[in-house]
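The values are calculated or read from the model by the stated rules, or taken from the named source; none is laboratory data. In this text the structure is predicted, and so the values were computed from the model without any measurement. In this analysis, Cβ positions are derived from the backbone assuming ideal geometry, glycine residues included, and neighbour counts consider all displayed protein chains. In case anyone asks, the SASA skips ligands and DNA or RNA and just uses the protein heavy atoms, side chains included. Shrake-Rupley method; radii C 1.70, N 1.55, O 1.52, S 1.80 Å.
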Amino acid sequence: MVLPALTAAQGSRMLELGLVEEREILLGGTRRTQAFPTTPAGEERLRQWVAQGALDEPAVPAETRLRPRVT
């Protein structure tokens, strides 16, 4: 699994815990991005998280979810 949309803080913390690796990916020409593929330890932690019912709760805090646009 590759996690491309981590914040710098999330990426640093997950790298520190050994849950992901950091890779640079070429997007074409000189464009590059970072990706964070999970390690075996990260995959195991993800399985534990799901088994604990993590999917019963929203993954994104309420204050950061998209809201309908009012015009």
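Which members of the range 10-21 meet the condition of being modelled with pLDDT of 85 or more and open to solvent by less than 60 Å² (accessible area, probe 1.4 Å)?
Met14, Gly18, Leu19, Val20
Could you give me the residue pairs with C-beta distances under 9 Å whose first residue belongs to the range 23-34 and is touching a residue at least 24 places away in the same chain (Cβ under 8 Å), whose second residue is outside any strand (DSSP E or B) and acidic (Asp, Glu) wherever it lies, and which are 6+ apart or on separate chains?
Every condition considered, the pairs that remain are Gln34/Glu22.
Take the residues of the range 22-53 that are outside any helix (DSSP H, G or I) and charged (D, E, K, R): which is least open to solvent (accessible area, probe 1.4 Å)?
It comes out as Glu22.
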